[in-house]
Every structure is written in C-alpha cells, then in structure tokens.
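One structure is given here, and the rest of the page talks about it.
Rule-based calculations on the coordinates, nothing more; no lab input. Note that the coordinates shown come from a computational prediction; the quantities given were computed from them, not determined experimentally. A quick note on method: Cβ atoms are made from the backbone with ideal geometry, for glycine too, and the neighbour counts reach across all protein chains shown.
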C-alpha cells in the first residue's frame, strides 16, 4: 500500500480550512486546527509530514507557533501562509526554518506545486537517511564508543569536517587506535557517504608500484601489465574518499606527485600524456608525527602543510582508560551475537586486569582479546582466568570474589561513613558525574548509588 503523506492545516478561517482540505485530501491525509496552541498539542501526540501555517492566528501567532514546532521537531517541513506580502515576517519565518511561504489569496496551482516540491524533498531526504543507515550498519561505524574527553573531541571535530565537501584531513595516532573508523565516520556523515571509500596502505605497496596504484597506467606502459591499462586508486575513488593509510611511508618521488595532485586536482597516469581530473576528498593517516618526520628530512614540508588542513589526533588507549571498559562491553556484546554466546558481564577482578594492561596494540588489541575470550570460553561472565593469556596476575580478591581494595584498618579505626562518602565522590569524579558509570566503578546498582547520594547529601 502506497504511503499517504500527512498534512496539518493551521488556520482559523473556516472557509479556507474547507477549501484546503478539499484540494489536498484526494492525495494526502489532512488534519485541520484553528489555533497554534492546538497544533503544538496535536504534534506532541501524532506525527505529520508537512504543516501549512497561517501567520495571523488568534492567541499565539504563526511565528511563535513556528518557533515551538522547530523546537519540537526541527526537521518538520513548514510552509507559511500570509494574507499580504509582509516581507519582514516572511524573512523572519525563513530564518527560523520555514521551508517556503504562500501569499493569500492562495493560487491552488501554486499551492499544489509547492506542497509537491516540499514532499519530494522530504522523500529524498528519507531515502538518503536510509542509505546512510545501511552504510553505517555495513561498516560498523554507527557507534563510536568512548567516554574520554579526547575521543569525544575527535568525534566532534570529525562531525565538523564532514560538513565540508572536500577539506583534506590528517589523522595521527598509534597503530590500532581507530584511525580508519574516524575516516569512515567522516565519510558516512558527509555528502559523499554513498560514494566509494578507497583505502591505500602506503607502507604495504612495493615502492615500484606506488605511483601506478595511485595514478594508474596507460596501455603498453609495463611489460606484463594489463593490455588495456589500469585505473589508479584516485580514479576508483572518484566522487568519494581516498584514505591514504601510513602516509609517512610514501616515497619522496611519490610525495612530489601527490603534492602536485593536491595543488592542481589533476594528474597524469603513468606513461600517459593526457591529464585526468577527479572529485575526491583525501584523508591521510599516520602512526608517526609528520611534523617530526619533516624535521628529520623524511617527509616533505610542503606536502605536510597541504595534508594538515584539518588534523585529528587520537590518543593511545592507555591514555584514555575510561574508554577501556565501555569498549570491552561493546565488543563482548558484538561477539556474543556473532558466536551465539551469552556473556553478560565482566567481573570486577577481570575489569581491574583490563584496566591494568598496557594495550600497546590499542583498541584493535582489546577487540582481539575480547573476541578470543567470547569464542573460546563458555560462561556468562568474563573472569580473570579467561584473561590469563594477557600475562597479568589476577588481582587479590575478597570472599565475595571482588577485587580487594588494598585498604588496611589503621590502629585508630576509621569513620566508615566518611570512607564510603569519599569513595562515592571519587567514583563520580572519575566518571565525570555519570551515575551509571560511577555505580559500576563501585560495584553498586544505580538505585543503590542514588540512595547513598541522598543519604550522604552528595550533589552531582
């Protein structure tokens, strides 16, 4: 059954209400209200696709109603209706997010054209969002897990960069921190999200083949090459994104040619005499500091400045410990689904082991470790014994199997309430005020933590 769009008409003129309903109800489901307040109340309870909103209404006027509609649902299409061409009001409404406007008395043909155009725009937007969701699901970049300020800053910066169509991006960080995930995030949140995402590992290609991989080659250029020639990765990425991983490994001669491409947006295939043009965004990544590589004379400064338009630095996992447990739980749930297992938690002692481990391989190493545990073990909780392959001794545990805090009773005794209060405040500080995470750090349920916050008069 074909979907019928829902249109709300907000006007106090009964004659116009009936006319609009008669014109639109053949193709659309129509709802009629006479006051702005009633429109807002109805929008809280049911979804509509488009609102025809009169500027002059009894009580709350159309501009105030538009403001509340945009607060309630910022993407909802609103077409304003005004009895005279009040330029000031029209400009105000368009700045507030109105899609278009109509001048009374309404021309039926113009009304139908503007409504159809608005709904076609909505249909296209929904199709784009559906494609984006499928992309995110396919490449597992829908959710970037992280509680640390550093990773949140990286994601926020990636969002801003994604709004630009072709800004070059440089991502620096140790191997395994998630540079490709950030690159794919930029792609997925940009206008290029459904176009090619081509990856070249500059350190894994033979030095003799780097240029032909990047720029392609013409027929007859190489003995043993394809007779018809070959497209390079630049052409393969046309319209989308070229991700140059380990850019610091690019040879000097190839650095010169890449620089020329970035400056001119054109290139010659190897053995070719005719320039080619492509429309791509370049995202480069490296596990070294390109600035230090330039100082050491191993990387061209002019290319570095071309790449360093927007730089994202991802710290190693050992410097953002607060991300370790959320990532471990995320991977555990993912591998549960993949392997048909039923792990539901990580024991306190196992958590301490995960936090104590240096994770030199960063997020990739953590992911591999959790995959191994979920695949090899049959349990409902990840235990210290499951992590023995990491080479860490399990922490000492108390009778309940929880990690012993390492506290000793001083000769003069302690004020237990003050001790508990202090630990709660430390947990809140470590979790940046997040009660759920603080409760996990303390081995409490969230309701129990809230009870103790009230008991000790602790304000978050």
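Take 293, 454 and order them by how many other Cβ atoms sit within 10 Å, fewest up front.
Fewest-to-most ranking of 293, 454: 454, 293.
The range 195-218 and the range 260-289 have Cα centres spaced 11 Å apart. Each part reduced to its alpha carbon centroid, the range 32-75 and the range 434-455 end up 41 Å apart. Each eigenvalue of the Cα gyration tensor of the chain, multiplied by 5 and square-rooted, gives one semi-axis; in descending order these are 48, 42, 20 Å. For the chain, the antiparallel share of DSSP beta bridges with both residues in that region comes to about 10%.
One compactness figure for the range 416-456 is 0.99, namely its Cα radius of gyration divided by 2.2 N^0.38 Å.
Taken over the C-alpha atoms, the range 6-130 has Rg and Dmax values of 13.4, 40 angstrom. Solvent-free Debye calculation, one equal scatterer per alpha-carbon of the range 223-331: log10 I(q)/I(0) at 0.12, 0.20, 0.22 Å⁻¹ equals -0.57, -1.12, -1.25. Taking the helices alone, the chain has a mean residue ellipticity at 222 nm of -14000 deg cm²/dmol, built from -39,500 (n - 2.57) per DSSP H run of at least 4 residues and averaged over all its residues. Computed over the Cα atoms, what is the radius of gyration of the range 149-315 divided by 2.2 N^0.38 Å, N being its residue count? In units of the globular-protein estimate, the range 149-315 measures up at 1.03. Using Cα centres only, tell me the gap between the range 170-186 and the range 103-126 in whole Å. Here the two parts' Cα centres lie 43 Å apart. Exposure proxy shown here: for 382, 113, the number of other Cβ atoms within 10 Å sets the order, fewest to most, as 113, 382.
Take each peptide in 273-283, 172-182, count the other Cβ atoms within 10 Å of every residue, and average; sorted highest first, the result is 172-182, 273-283. Sorting 446, 45 from the fewest to the most surrounding beta carbons within 10 angstrom yields 45, 446.
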